[in-house]
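Accompanying notes for the structure given below.
The values are calculated or read from the model by the stated rules, or taken from the named source; none is laboratory data. Keep in mind that what you see is a predicted model, and the values were worked out from it rather than measured. Cβ coordinates were reconstructed from backbone atoms using ideal geometry, including for glycine residues, and neighbour counts include every protein chain displayed. Calculation scope for accessible area: heavy atoms of the full protein, side chains included, ligands and nucleic acids excluded. Shrake-Rupley method; radii C 1.70, N 1.55, O 1.52, S 1.80 Å.
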Amino acid sequence: QGFLARFLLAAPDSLAGTCLITIESLQRKAYADPRLQAYWSRCKEIAASPEHIDPETGEVAPPVLEPDAEAKQVWVDFHNEIEKERGPLGMFAGLKPFAARSAEQALRVAAVLGFFEGVELIDADCMRRACMLARYSLNEWLRYIDAGASSPEIKLAAELMSWLRGHKHKA
């Protein structure tokens with residue numbers, strides 16, 4: 001079913017050993033951060049907005065956020081970039097199921113970002129940010145799955161060196 005490929009992954013290195021505190025940092029309150037306050041405020045606005053339920057059927061019928069023409073081009077470019085890297089020697093050759101879904105995930109993420117921002121159309125900037133998140137996830141999957149593995153170029157170079165050492169050449 002490709003269960004894991006349906007998720008975006010972020011597996012950053014541990015911060016253990018670097019989370020030092022100071023007296024000043026103890027006095028700062030995270031909840032007072034204006035960015036967090038703006039986030040919570042937007043969440044409250046969304047929670048208070050009317051539900052999109054069809055009164056006749058009772059089905060949820062939210063508005064659909066469509067990408068504008070420039071956003072579609074950004075998405076097509078992203079899709080094609082990732083597709084090229086799914087080939088036999090591409091950087092995502094070993095991640096075919098993950099890479100295959102990344103453009104679709106970028107569309108979904110763009111819709112979530114656009115909805116949160118309250119836009120009526122997904123613009124190119126929103127799509128670029130969504131593609132960045134999907135690309136980041138692919139790179140994280142690559143790093144996580146290939147931890148300790150050599151890149152395809154290194155593997156090919158090693159095979160070439162082995163072949164060169166194994167054959168006697170006439171001068």
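For the range 64-111, filtering for residues that are assigned to a helix (DSSP H, G or I) and either among the acidic types (Asp, Glu) or closer than 30 Å to residue 146 by Cα (or both) leaves 30. When each of 145, 122 is tested for being surrounded by 18 or more Cβ atoms within 10 Å (Cβ to Cβ) and among the β-branched types (Val, Ile, Thr), the lone residue that passes is 122. Being in a helix (DSSP H, G or I), out of contact with any helix residue (DSSP H, G or I) (no Cβ under 7 Å at 6 or more places or on another chain), more than 24 Å from residue 118 (Cα to Cα) and modelled with pLDDT of 90 or more is a description that applies to residue 26.
Among the residues of the range 45-65, none qualifies, meaning not one is in contact with a helix residue (DSSP H, G or I) (Cβ under 7 Å, 6 or more places away or on another chain), open to solvent by less than 60 Å² (accessible area, probe 1.4 Å) and of a type in the set (Val, Ile, Thr).
No other residue among 133, 113, 95 is in contact (Cβ under 8 Å) with a residue 40 or more places away in the chain and either within 13 Å of the chain's Cα centre (by Cα) or surrounded by fewer than 13 Cβ atoms within 10 Å (Cβ to Cβ) (or both) apart from 133. Listed by first and then second residue, the pairs linking a residue in the range 36-54 that is modelled with pLDDT of 95 or more to a residue that is surrounded by 11 or more Cβ atoms within 10 Å (Cβ to Cβ) and not in a loop (DSSP other than H, G, I, E, B), with Cβ atoms under 7 Å apart and 6 or more places separating them unless they lie on different chains, are 42/116.
For the range 23-30, the criterion of being open to solvent by 100 Å² or more (accessible area, probe 1.4 Å) and closer than 26 Å to residue 106 by Cα is met by no residue.
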